[in-house]
Amino acid sequence: MLGKIALEEAWAIPENFKAYDVSSLAPKGVIGGDLIANLLDVHGTRLEQMDENGVETMVLSLSSPGPQGVTDAREAEALASLANERLESEVGRNPTRFAALASLSLHDPAQAGRELRRCITERKGFVGAIVNDFQSAGPDKNTMIFLDRPECDAFWRVAEELDVPVYVHPREATPLIYEQMWKDRPWLAFSALGYAHRVGMHVLGIVTAGVLDRFPGLKIVIGHMGEHIPYDLYRIDHKLNRARFPQMPMSKDKLVRDYFGTQLFITTSGHFSTPALLCALQEIGAGAVMFSIDYPFESIPNGCVWFDDHVPINGRDLVDIGRNNALRIFKRLQLSPHGLGEKEPRECGVGGLGLVRARERERGGERPRRPEATPTAEVEYGLYNKDWSKRLERRPESPTAHTDNSVQHGARRASNVPVPRVVQSIGVGVTI
C-alpha cells in the first residue's frame, strides 16, 4: 500500500540518553544495527526506507521515557522544551513527510497543558502529544505520577480544547517494581510483557476514573495493537461490576468497549500479527485502528510487508487503517505545513488486477505511483490460477506467506474479491 502514515516512530536527542541509556536494551547490532544512530537520524536512512516501503509520513516523538524518566520537575520541563524545539526544526525541513508529537513533563499537569498549548499554537508541525506512561518522581525514582488523578484534569482539559490526541506509550518500571517483579525474569520486563501490563493498567485507570466522560472530546491512542486490552474486553467489562464497585467514577451506563472508535484508539506498532489484528477489528472496529511501525525498535520493511501483503481485509478498511483513520483522528495532519488528505484505495495502489504493475515489471521498471495509468490486456482465466487447465499456484512453505501470486506479483486484490491467504495462529497455518 502506498501513502501509509505511521504514528509511533521514535526519534531522540543526545540529552535524552542522560535519563535512560536506550543502548542498554540490547547489545549493538541486535535491534536494527546501530540503534542510537537510527534514533538520531531523520532525513537519511529513515527517509530512504520510508520511500522504499510506501510510507508517506511519519509522526515522530522523543524516545521513551523522555521527560517521564526525569524525577526533577524543572529538568523534566527543560528536556521537554528542548526536545520540542529541536523536533520542530527537524520536521520543518520536510513537513510533508514528517510531523511531531509534543513531549511533556507530567510533574505539574497545568504546566504540561501550557507546553502542549505552546507546541500546538506557537510551534509548527505538532499534531498531538506523547506521554510515556507514568511520571517518575522522588529521590529514589520510585514515586509514580499517573494521569487518572483529579488534578490531571488541568492537562486533559487543554488536550480536549485543542482537539489533539494524546499517545500513551510504555516505559521501563521503577527500580522498586523491577526489583520485586522483573529482576529474576528480565526478559519479560520490557516489550515482551511489562510494557503492556503497565500501560494497560494506566489507560484503564484513566477510563474507569471517568476522564473520558468528563472530557468527551478527548482522544487517547495506545500502541502495540492495544497493549492487550482489545483481547480482554469481554472479561474487563464483565468484571467491572457496578454492584461490586459502585464508587467507580466511569459512566454507569457504559462499557470500556464503548469508548473505542470515538475516544480510544490503537495502532499496530511493533505487533505485526494478522490474527491479533483480525481479533481487534472484531472487538473494536476498523475505525479504532491505525497503522504504525515503532521504528527504529522495529523494522520498516518488516512492518510494511506484513501490512501490505499479509492482512486479508477489504481494500477500503486497509486504506483507512493505513492512512485515513490517522487523518481523522490526528486532524492537524490535514493542515499546514503537512497538508495531507484522505485517499481512495486506488490512489494507494490497492485493488484491481495489478496489470499495470505486471507490465512495469516486465519492462524492468519501478512500481508505478499513478494508479490511473493505462493497463495492458491479458486473457483472464480466473482470479486465483493463471492457467485454464494446469495448476500453477502452490501453497508456499512459509505459513505466513499469502498464496495469491496470481494477483500479478503481489498487487492487492479488489475489495469485493475474496482472496485466500495463509496466516499463522499459534504456530499452525490457517487459511482464511
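Out of curiosity, is Ala73 out of contact with any Asp or Glu (no Cβ under 6 Å at 6 or more places or on another chain), in contact (Cβ under 8 Å) with a residue 24 or more places away in the chain and under 21 Å from Ile220 (Cβ atoms)?
Numbers: out of contact with any Asp or Glu (no Cβ under 6 Å at 6 or more places or on another chain): yes; in contact (Cβ under 8 Å) with a residue 24 or more places away in the chain: yes; under 21 Å from Ile220 (Cβ atoms): no.
Criteria not met by Ala73.
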Looking at the range 125-136, can you tell me whether even one residue there is at pLDDT 95 or above, open to solvent by 10 Å² or more (accessible area, probe 1.4 Å) and on the phi < 0 side of the Ramachandran plot?
no
Residues being over 12 Å from the mean Cα position of the chain (by Cα) and open to solvent by less than 20 Å² (accessible area, probe 1.4 Å): count how many of those fall in the range 295-305.
3
Subset tally (residues that are farther than 22 Å from Ser299 by Cβ and either in contact with a Phe, Trp or Tyr (Cβ under 9 Å, 6 or more places away or on another chain) or small (Gly, Ala, Ser) (or both)) for the range 251-285
8
Quick one: in the range 158-194, of everything that is in contact with a helix residue (DSSP H, G or I) (Cβ under 7 Å, 6 or more places away or on another chain) and in a helix (DSSP H, G or I), which residue is most open to solvent (accessible area, probe 1.4 Å)?
Leu188
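Scan the range 130-187 residue by residue and report those that are among the hydroxyl-bearing types (Ser, Thr, Tyr) and over 17 Å from Ile222 (Cβ atoms).
Let us first name the residues in the range 130-187 that are among the hydroxyl-bearing types (Ser, Thr, Tyr), namely 136, 143, 167, 174, 178.
Ser136, Thr143, Thr174, Tyr178 - these are the residues of the range 130-187 that are among the hydroxyl-bearing types (Ser, Thr, Tyr) and over 17 Å from Ile222 (Cβ atoms).
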What residue, among those in the range 1-48 that are under 27 Å from Gly92 (Cβ atoms) and of a type in the set (Asp, Glu), is modelled with the lowest pLDDT?
Asp34
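May I ask you to list the residues in the range 268-283 that are in contact with a strand residue (DSSP E or B) (Cβ under 9 Å, 6 or more places away or on another chain), on the phi < 0 side of the Ramachandran plot and open to solvent by 20 Å² or more (accessible area, probe 1.4 Å)? Let's see the steps before the verdict.
Looking only at the range 268-283, we keep the residues that are in contact with a strand residue (DSSP E or B) (Cβ under 9 Å, 6 or more places away or on another chain), and these are 268-270, 273-275, 277-278, 280-281, 283.
Those left that are additionally on the phi < 0 side of the Ramachandran plot: 268-269, 273-275, 277-278, 280-281, 283.
Selection gives Ser273, Pro275, Leu278, Leu281, Glu283.
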Cβ pairs under 6 Å, 6+ apart, first in the range 181-208 and within 23 Å of Phe260 (Cβ to Cβ), second open to solvent by less than 60 Å² (accessible area, probe 1.4 Å) and part of a helix (DSSP H, G or I):
Gly200/Ile229; Val207/Val256
List the number of the failed condition for Val199; all other conditions in (1) modelled with pLDDT of 95 or more; (2) touching a Phe, Trp or Tyr at 6+ places or on another chain (Cβ under 9 Å) hold.
(2)
Can you pull out every residue in the range 258-284 that is assigned to a helix (DSSP H, G or I) and within 19 Å of the chain's Cα centre (by Cα)?
Tyr259, Thr274, Pro275, Ala276, Leu277, Leu278, Cys279, Ala280, Leu281, Gln282, Glu283, Ile284
Could you list, ordered by first residue, the pairs with Cβ atoms under 9 Å in which the first is in the range 94-118 and among the aromatic types (Phe, Trp, Tyr) and the second is part of a loop (DSSP other than H, G, I, E, B), at least 6 apart or interchain?
Phe98/Val42; Phe98/His43; Phe98/Gly125; Phe98/His338
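Residues are listed down the side, and each one gets a yes or a no for (1) open to solvent by 20 Å² or more (accessible area, probe 1.4 Å); (2) of a type in the set (Ser, Thr, Tyr); (3) free of Cβ contacts under 8 Å to residues at least 40 places away in the same chain; (4) not in a helix (DSSP H, G or I):
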{"site": "Arg242", "(1), (2), (3), (4)": "yes, no, yes, yes"}
{"site": "Asp253", "(1), (2), (3), (4)": "yes, no, yes, yes"}
{"site": "Ile293", "(1), (2), (3), (4)": "no, no, no, yes"}
{"site": "Phe307", "(1), (2), (3), (4)": "no, no, no, no"}
{"site": "Pro312", "(1), (2), (3), (4)": "yes, no, no, yes"}
{"site": "Arg316", "(1), (2), (3), (4)": "yes, no, no, no"}
{"site": "Arg323", "(1), (2), (3), (4)": "no, no, no, no"}
{"site": "Pro337", "(1), (2), (3), (4)": "yes, no, no, yes"}
{"site": "Arg346", "(1), (2), (3), (4)": "yes, no, yes, no"}
Out of Thr143, Thr208, which single residue is among the polar types (S, T, N, Q), closer than 26 Å to Leu116 by Cβ and open to solvent by 50 Å² or more (accessible area, probe 1.4 Å)?
Thr143
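The values are calculated or read from the model by the stated rules, or taken from the named source; none is laboratory data. Worth saying up front: this structure is predicted, and the values here are computed from it rather than measured. Backbone-built Cβ (ideal geometry, glycine too); neighbour counts: all protein chains shown. Just so you know, the surface numbers come from the protein's heavy atoms only, side chains and all, with ligands and any DNA or RNA stripped out. Shrake-Rupley method; radii C 1.70, N 1.55, O 1.52, S 1.80 Å.
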